[in-house]
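Please read the structure below before turning to the comments.
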Amino acid sequence: MLLAIDVGNTRTKVGLWDGSEWARVDAIESNSEGITALLSTLSATRAICASVVPTLNDAVSHALSPLDVYFLTASEDFHGLYSCYRPPDTLGADRFANVLGVFAQAGLMGGMSVDLGTATKIDILDEDECDDLAHLGGCIMPGVATSANALTSGTSLLPPLDLAAPKFIIGNSTMESLRSGVVLAHACAIDEWIRRVREDGVGGGSVFVTGGFSDLIAPLCRTPMIRKPNLTLDGLVEASRRLGFA
């Protein structure tokens, strides 16, 4: 059994891979108590983790001791997958796992990942100037809830935003105007970014969407997207295969 762990700023997702499918997948808030409680109940022979919260790495390691945990980091050539990111080790482990997840889904066809969480991250797997499949890079923008909280906490008269799709593009109330300007506009920003990238001749493969806000934002996007709730975990399985312990 392989234990795949995705430690995010808001949520931690844990999957138990039996070699052919997910035996179970759990999602909890990202804190040391919850992580320790969940991981201590699971049994595996290998463990791999993509963490963007270094302060929680010890909790993961201690909860699974004496099992060693491999913490994923990006590198220039990760067992055959090249990264154009500079410097490579500044690429978030979750983004790198998403790119590996795109490869697991699309293979040499490449594609994009759209991860809708605390931050919204888009990453591209496509051919580089040497016609090698590579992670070309991507973009990071504030997540939809992060944007909403920043807007309403920094103003005196705007109410807290109940995140939902607007009924109409043009809001006819403050709440509907906020939903149009934060929720719908977030989908528009994703669409436009992808359109401009494709104008440059890259990113023509399938777009895979994941993350806690994918159910809210993806239906509002005009870009066709394939929902993969476990894309990051799938990428960790692909990483473990490349490392030789899947």
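Nothing in this text is a laboratory measurement; each read-out follows from the coordinates by a stated rule. Because the structure is a prediction, the values reported are computed rather than measured. Using ideal geometry, Cβ is built from the backbone for each residue, glycine included, and neighbour counts are taken over all protein chains shown.
Helix-only mean residue ellipticity at 222 nm, the chain, DSSP H runs n ≥ 4 weighted -39,500 (n - 2.57), per residue, nearest 500. What is it?
Value at 222 nm, helices only, nearest 500: -9000 deg cm²/dmol.
Ranking LEU163, SER75, ALA93 by Cα position along the charge dipole of the range 73-229, where only Lys, Arg, Asp and Glu carry charges on their C-beta atoms, puts LEU163 farthest toward the positive end. Placing +1 on the Cβ of every Lys and Arg and -1 on the Cβ of every Asp and Glu, with no other charges, gives the range 1-71 a dipole of roughly 60 debye about its Cα centre. Computed on the Cα trace of the range 157-228, the radius of gyration divided by the Kirkwood hydrodynamic radius gives Rg/Rh = 1.04.
When only Cα pairs below 8 angstrom with a gap of at least 6 residues are kept, the range 106-173 shows a relative contact order of 22 percent. Give the relative contact order (percent, whole number) for the range 174-246; include only Cα pairs under 8 Å separated by 6+ residues. The value is 28 percent.
Any idea what diffusion coefficient the range 9-86 gets from Stokes-Einstein, in µm²/s, Kirkwood Rh on alpha carbon pairs, 37 °C, 0.692 mPa s? It comes out at roughly 238 µm²/s. Fraction of C-alpha pairs exceeding 23 angstrom in the chain: 51 percent, rounded to a whole number. Dividing the mean sequence gap of close Cα pairs (under 8 Å, 6+ apart) by how many residues the range 73-229 holds gives a relative contact order of 20 percent. Counting DSSP beta bridges in the chain, what percent are antiparallel, to the nearest 5? Bridges in the chain that DSSP calls antiparallel: roughly 60 percent.
Measuring gaps between exposed loop sites in the chain (trypsin sites (Lys or Arg not before Pro); DSSP loop; at most 16 other Cβ atoms within 10 Å), the longest gap, sites not included, is 1-166. Rounded to the nearest 0.05, the FRET efficiency derived from the C-beta distance between ALA27 and PHE71 at R0 = 22 Å is 0.65. As a proxy for reagent exposure, THR146, THR41 were ordered by neighbouring Cβ count within 10 angstrom, fewest first; the result is THR41, THR146. Charge dipole (Cα centre; +1 on Lys/Arg Cβ, -1 on Asp/Glu Cβ; no other charges) of the chain amounts to roughly 660 debye. Taking Cα centroids, how far is the range 124-196 from the range 9-63 in Å? If you average the Cα positions of each part, the centres end up 28 Å apart.
Which of rounded, prolate, oblate describes the range 76-153, given a ≥ b ≥ c as roots of the alpha-carbon gyration tensor eigenvalues and a/c under 1.5 marking rounded, otherwise prolate only if a/b is larger than b/c? Verdict is prolate for the range 76-153.
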